[in-house]
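Chemist: Encoded as structure tokens, here's the structure I'll be asking about.
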């Protein structure tokens, strides 16, 4: 198994040009936002002299290529700069917010699997039946519902009307975190489920029609035992890639959901920074999101090799 994971260092090296391109895109996007960052920080009543002085202090009057070179040099040293609004190192702000965002994403993935696996199995064991039709209807409806709208509906139903879950906050203990993060995580899970269900249902139907499953049935394997021992592992192989892609997509969606549920994660940090034109904070959060997507891609390949012994990324990279 260790030999088959030797592709990881090569993938990390291959990610370096991608990371460099991301830094350039992030830098340009942040600096091409309309308006004056110094004026946004000082307010509309600021004098021309104070705006000019702050512009000089922040280095915003330098050529953009020089600003990018300074940004890249500091980044290689692990310095993301100083937040213009919080007056704190961006690295500290990002690392304070990361646990919240990662908790929401991890919680959402667990809920999505708990929902998707039973529904996909119900549909796959009787394709074309009433249960299959119901599951496919849910995937169509779930795919078209905006995440923020789902979050607001959950707040109104389970938070305001039934008062089962809190509508915002993060809590202080682990139990509090699980309780407070349930609604935002469920919101993301509902968005993730339709794609996972469709992929898993299709794979399960193919696996159920295979010869080895027919042999298992002839030996008396049915129901949950058949699903657990013979169907799920093989059907999950193509779904792993789908989950990896969806996690990269959902990290962007979580930024909005965090704002809806007033969570102190990367989403709130990012949105506040955008309104304040806080370039260093915008760049820091965006770089982390891009890095997360790269890491998820590598982890997806790792899980793929563990589930399917026929896949050997190490030999492919060598060729």
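Chemist: Expected output is a single nm value to one decimal: the length gained when fully extending between residue 88 and residue 24, i.e. 0.36 nm times separation in residues minus the C-alpha distance. What is it?
Modeler: Length gained, residue 88 through residue 24: 20.7 nm.
Chemist: Over the C-alpha atoms of region 66-176, what are the Rg and the largest Cα-to-Cα span, Dmax, in Å?
Modeler: That works out to 21.5, 64 Å for Rg and Dmax.
Chemist: Residue separation times 0.36 nm, minus the C-alpha to C-alpha distance between residue 133 and residue 249: what's the value?
Modeler: 39.1 nm
Chemist: Rounded to the nearest 500 deg cm²/dmol, what is the calculated helix-only ellipticity per residue at 222 nm for the chain, with -39500 (n - 2.57) per DSSP H run of length n ≥ 4?
Modeler: -24000 deg cm²/dmol
Chemist: Would you calculate the separation in nanometres between label points at residue 217 and residue 176, each defined as 7 Å from the Cα along the Cα-to-beta-carbon direction?
Modeler: Inter-label distance under the simple model: 5.3 nm.
Chemist: Using 7 Å Cα-to-Cβ label points, what is the residue 48/residue 145 separation (nm, one decimal)?
Modeler: Output for this residue pair reads 5.6 nm.
Chemist: Shifting gears a bit: To the nearest 10 degrees, how steep is helix 90-125 against the longest Cα principal axis of the chain, on a 0 to 90 scale?
Modeler: With rounding to tens, the tilt is 20 degrees.
Chemist: Name the residue, out of 237, 282, 64, whose mean-square fluctuation peaks in a Gaussian network model built on the chain with Cα pairs under 10 Å.
Modeler: It is 64.
Chemist: May I pose another question? Let me test this: with uniform point scatterers at the alpha carbons of the chain, what is the Debye-based log₁₀ I(q)/I(0) at q = 0.12 1/Å?
Modeler: Result of the Debye calculation: -0.97.
Chemist: Using the beta-carbon distance between residue 60 and residue 291 and R0 = 22 Å, what value does 1/(1 + (r/R0)^6) give for FRET efficiency, to the nearest 0.05?
Modeler: 0.30
Chemist: Sticking with this one: Kirkwood-based Rg over Rh for region 105-242 (C-alpha set), two decimals?
Modeler: Result: Rg/Rh = 1.07.
Chemist: If you bin every alpha carbon distance in region 184-285 into 5 Å steps from zero, what whole percent lands in each bin?
Modeler: In whole percents, the pair-distance histogram is 2, 12, 16, 14, 12, 10, 9, 8, 6, 5, 4, 2, 1, 0.
Chemist: To test your reading of the geometry: what angle, between 0 and 90 degrees and rounded to tens, separates the Cα axis of helix 182-208 from the longest principal axis of the chain?
Modeler: The angle comes out near 40 degrees.
Chemist: Tell me, what is the percent relative contact order of the chain, built from C-alpha pairs under 8 Å that lie six or more residues apart?
Modeler: In percent, rounded to a whole number, it is 29.
Chemist: Assuming 0.36 nm per residue, please report the length gained on full extension of the stretch residue 102 to residue 69 beyond their Cα-Cα distance.
Modeler: Answer, rounded to one decimal: 8.8 nm.
Chemist: Among 155-165, 119-129, what's the highest-first ranking by average C-beta atoms within 10 angstrom per residue?
Modeler: 119-129, 155-165
Coordinate-derived values only; no laboratory data. Nothing here was measured: the structure is a model prediction, and the numbers come from that model. For neighbour counting, all protein chains shown are included, and Cβ atoms are generated from backbone atoms with ideal geometry for every residue, glycine included.
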